[in-house]
C-alpha cells in the first residue's frame, strides 16, 4: 500500500493534469471564438463590397450606362434570360443598339436584396426581385422578375460570372 505522502503526490499530479487539460481546452475554445469573430468581421466587409458592386451594377443598367454595366461582367460570363442562355457579346451588341436607338430602361428597381458570401470570401451570390419598365420604340414593357447573380473577385474586382433573370407571372 502506498504511503500517505506518495498518495498525496499522486493526487497533486492528477490535479495538475486536470488543470493543464482545462487550460488547454479553454485556450482552444477562446482561439476558436476569436477566429469565428474575425471571420464574421471579414465577411461583413466582403458583403459591404459585394453590395456596393451589386448596387453599382444595377444603377448602370437602370441608367442605360452600357460601358459601366458590361464592365461588371467577367469574360465568358453565362447569362440566362428570356428562357434561354445568351451570348455575352451578342447581348452587349443588342443592348448597345437599343440604347443608340433612343430606347432602353426607364425604371429598374431592385428589392429584397440578399447577399450570401461563400466561405472562401471571393465568391458571392446575390438575389433580388426586380421591377422593370423598358422602352422598345413606341411600346413600354413592364415586368417583375427574380434575378440571381454569381459574383467572383477577379484581379481585385467583383465581377458577375453568371446571371439568371426570370420574369415572374403578373399577379
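If you go through the range 52-85 one residue at a time, how many are modelled with pLDDT under 95 and surrounded by 15 or more Cβ atoms within 10 Å (Cβ to Cβ)?
Of the residues in that region, 1 qualify.
Which of (1) over 20 Å from residue 152 (Cβ atoms); (2) at pLDDT 95 or above does residue 49 not meet, given it meets every other one?
(1)
Residue 105: touching a residue at least 24 places away in the same chain (Cβ under 8 Å) and under 28 Å from residue 48 (Cβ atoms), yes or no? Steps first, answer last, please.
On the way: touching a residue at least 24 places away in the same chain (Cβ under 8 Å): yes; under 28 Å from residue 48 (Cβ atoms): yes.
Answer is yes for this residue.
Residue under question is residue 120, and the condition is that it be closer than 19 Å to residue 50 by Cβ, at pLDDT below 95 and out of contact with any strand residue (DSSP E or B) (no Cβ under 7 Å at 6 or more places or on another chain); does it hold? Even if it seems obvious, please write down each step before you answer.
Working: closer than 19 Å to residue 50 by Cβ: yes; at pLDDT below 95: yes; out of contact with any strand residue (DSSP E or B) (no Cβ under 7 Å at 6 or more places or on another chain): yes.
So residue 120 fits the description; yes.
Residue check, residue 151 against (1) at pLDDT below 95; (2) in contact with a helix residue (DSSP H, G or I) (Cβ under 9 Å, 6 or more places away or on another chain), all met but one. Which one?
Among (1) at pLDDT below 95; (2) in contact with a helix residue (DSSP H, G or I) (Cβ under 9 Å, 6 or more places away or on another chain), the lone unmet condition for residue 151 is (1).
If residue 86 satisfies all but one of (1) closer than 14 Å to residue 160 by Cβ; (2) in contact (Cβ under 8 Å) with a residue 12 or more places away in the chain; (3) touching a helix residue (DSSP H, G or I) at 6+ places or on another chain (Cβ under 9 Å), what's the number of the condition it fails?
Every condition holds for residue 86 apart from (2).
The values are calculated or read from the model by the stated rules, or taken from the named source; none is laboratory data. Predicted, not measured: the structure shown is a model, and the values here were computed from it. Cβ: placed from backbone, ideal geometry, glycine included. Neighbour counts: every protein chain shown.
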